[in-house]
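Structure record follows, encoded as C-alpha cells.
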Amino acid sequence: MDNQVIDVEKISGYHAHVYFEPHTRPLAERLRDQLADFDVVLGRWKEGPVGPHTRAMYQVAFAPEQFDLVVRWLMVNRQGLDILVHPDTGLGHAGDHTARALWLGRSLPVKVEYLQQIDRDYKMAEAIPLTEG
Ligand code: ZN
C-alpha cells in the first residue's frame, strides 16, 4: 500500500452500515427510529447479505459535516450492534470499505472482490491488496 495522502475534502459523504441478526433486529429497529431524528438518509432494510455486505443490515448516509455528531452518537448508542462507517472518497469502493473504513464493534467480513469489480467497472484505479479488510 502506498503512502498517498488523501485530502479529506475529497470525502463527499459517509455511510454507516448497521448490521443485525434475527435476535438483534429489535435493537437495530430502535437505533433506526432514533437515527430518524438526525438529518440522515436511511436506506432500506436488507434482510440478508447484499452487495459487499455479508450480513443483514441497513445503510445510513450522512454528509461530511455530520460525521462528528453521527459517529459520536453511534459510538455510545450502538447497543452492541456492529457498524461499518466508511467514506465516499471517489478513490475506490474497495479502499473506502477496507483501508479507509472504521468499525464500531466487531469488524465483519466484507466482500472486497465485489467492490474491486465495481471499481473496475467504474475504471477506478486503485491498488488495494486482497488481504485488507
Ligand atoms: Zn456504504
> What aspartates and glutamates could a cross-link reach from Lys46, if we take a straight Cα to Cα line under 19 Å and drop same-chain neighbours fewer than 8 places away?
Replying inline: Glu21, Glu29, Asp33, Asp82
> For helix 67-77, what angle does its Cα long axis make with the longest principal axis of the chain, in degrees from 0 to 90 and rounded to 10?
Replying inline: 50
>> For the stretch 11-127, what does the accessible surface come to per residue with a 1.4 Å probe? Please give it in Å².
In response: 52
> Which cross-chain or sequence-distant (5 or more) residues have an amide H under 5 Å from the amide H of Gly43, H modelled 1.01 Å from N in plane?
Replying inline: Gln59, Val60, Ala61
> Helix 25-35 versus the longest principal axis of the chain: what is the Cα-based angle in degrees, 0 to 90, to the nearest 10?
Replying inline: 80
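Treat every Asp and Glu Cβ in the stretch 11-127 as -1 and every Lys and Arg Cβ as +1, leave all other atoms uncharged, and give the resulting dipole magnitude about the Cα centre to the nearest 20 debye.
Details: 13 positive and 15 negative charges, 63 e Å.
Magnitude of the dipole: close to 300 debye.
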> What list of ³J(HN,Hα) couplings, whole Hz, do you get for the stretch 92-109 from phi and the Karplus terms 6.51, -1.76, 1.60, once you set θ to phi - 60° and write x for glycine and proline?
Replying inline: x, 5, 4, x, 4, 8, 10, 4, 9, 9, 10, 10, 9, x, 6, 8, 9, x
> Okay, helix-only estimate at 222 nm for the chain: each DSSP H run of n ≥ 4 adds -39500 (n - 2.57), divide by all residues, round to 500 deg cm²/dmol; what do you get?
Replying inline: -8000 deg cm²/dmol
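Explain nothing, just the number: relative contact order of the stretch 11-127, from Cα pairs under 8 Å at least 6 residues apart, as a whole percent.
On the way: 195 pairs, mean separation 36.2, N = 117.
Reported as a whole number, the value is 31 percent.
Taking only the alpha-carbon atoms of the stretch 46-87, what semi-axes of the equivalent ellipsoid follow from 5 times the gyration tensor eigenvalues under a square root, in whole Å, largest first? Display every interim value, and only then the final one.
Details: eigenvalues 85, 36, 10 Å².
Semi-axes (√(5λ), whole Å): 21, 13, 7.
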>> Tell me the angle of helix 112-121 to the major Cα principal axis of the chain, expressed in degrees between 0 and 90 and rounded to the nearest ten.
In response: 60
>> Can you compute the modelled spin-label distance between Arg120 and Ile6, with each label point 7 Å from Cα toward Cβ, in nm?
In response: 2.1
> Rounded to a whole number, what is D in µm²/s for the stretch 15-84 from Stokes-Einstein with the Kirkwood radius over alpha-carbon pairs (20 °C, 1.002 mPa s)?
Replying inline: 177
> Running Debye on the chain with equal point scatterers at the Cα sites and no solvent, what base-10 log of I(q)/I(0) appears at q = 0.10, 0.11, 0.15, 0.19 Å⁻¹?
Replying inline: -0.32, -0.38, -0.71, -1.12
> What lysines could a cross-link reach from Lys10, if we take a straight Cα to Cα line under 25 Å and drop same-chain neighbours fewer than 8 places away?
Replying inline: Lys111, Lys123
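The values are calculated or read from the model by the stated rules, or taken from the named source; none is laboratory data. Every value quoted in this text rests on a predicted model; they were computed, and no experiment measured them. Backbone-built Cβ (ideal geometry, glycine too); neighbour counts: all protein chains shown. All accessible areas refer to the heavy atoms of the entire protein, side chains included, with ligands and DNA or RNA removed. Shrake-Rupley method; radii C 1.70, N 1.55, O 1.52, S 1.80 Å.
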